[in-house]
Each structure stands twice: as structure tokens, then as C-alpha cells.
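What follows is a set of notes on a single structure, which appears directly below.
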Amino acid sequence: MNVLTHQELQAILPYRYPMLMLDRAVIESETRAVGLKNLTFNELFFQGHFPNHPIMPGVLQVEAMVQTAQLLVQDK
């Protein structure tokens, strides 16, 4: 198991704020990874996406999954 910090993710992935959707990642095996994103109510997308019902937009959830998957296929 390998835990990647935000700085390590920036060295691997070609994304920076605001498009880097991961804060940490846990690489459990060659076929399994878990991406972690710390969210607060102050996130900009909470302000306008479904007012009074804060939810992370689906397209951003998918982007976070894509970035996590990139960690698994980067060296293959």
C-alpha cells in the first residue's frame, strides 16, 4: 500500500488548482486505488450548484475518478 500526498500527486499528474481533484491517494494494488478529496462548504461549486442543497457536481466526481485511474495506468 502506498499513500501519495498532494505534493506527490502534483509531481505525477498534469493538473493544478483548481482542476486537481485529489488531495491524497491510496494505491492499494496494481488494480485498486482510492482518491481522497477534502471538501468544505466554501467550495465554489457548492454555492451555485443546487442552491440550498450542497452536492459536488457529478462531472467533478467523474473527473476525480479519472485522475485516480491515471495513477494506476501512468507507468504501463
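Numerical summary
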item	result
Sulfur and carbon atoms: percent of accessible area, the chain [1.4 Å]	59
Cα-centre dipole for the chain with unit charges at Cβ (Lys and Arg positive, Asp and Glu negative), debye to 20	60
For Ala33, residues with placed amide H under 5 Å, excluding near neighbours	Glu28
Equivalent ellipsoid semi-axes, the chain, via Cα gyration tensor eigenvalues times 5, rooted, Å	25, 12, 11
In Hz, Karplus ³J(HN,Hα) per residue of segment 61-67 (6.51, -1.76, 1.60; θ = phi - 60°; x = Gly, Pro)	5, 5, 4, 5, 5, 5, 5
Inter-label distance for Met56 and Met1, nm, one decimal - labels placed 7 Å from Cα along Cα-to-Cβ	2.0
Residue-count net charge about Ala64 - beta-carbon cut-off 14 Å; Lys, Arg +1, Asp, Glu -1	-1
Environment charge of Phe45, counting only residues whose C-beta is closer than 13 Å and scoring Lys/Arg +1, Asp/Glu -1	-1
FRET efficiency, Ile12 to Leu39 (Cβ-Cβ, R0 30 Å, nearest 0.05)	0.85
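The values are calculated or read from the model by the stated rules, or taken from the named source; none is laboratory data. Remember, predicted model here, so these are calculated numbers, not experimental data. Positions of Cβ are backbone-derived with ideal geometry, glycine not excepted, and every protein chain shown enters the neighbour counts. To get the accessible areas, we keep the full protein, side chains included, count just its heavy atoms, and leave off ligands, DNA and RNA. Shrake-Rupley method; radii C 1.70, N 1.55, O 1.52, S 1.80 Å.
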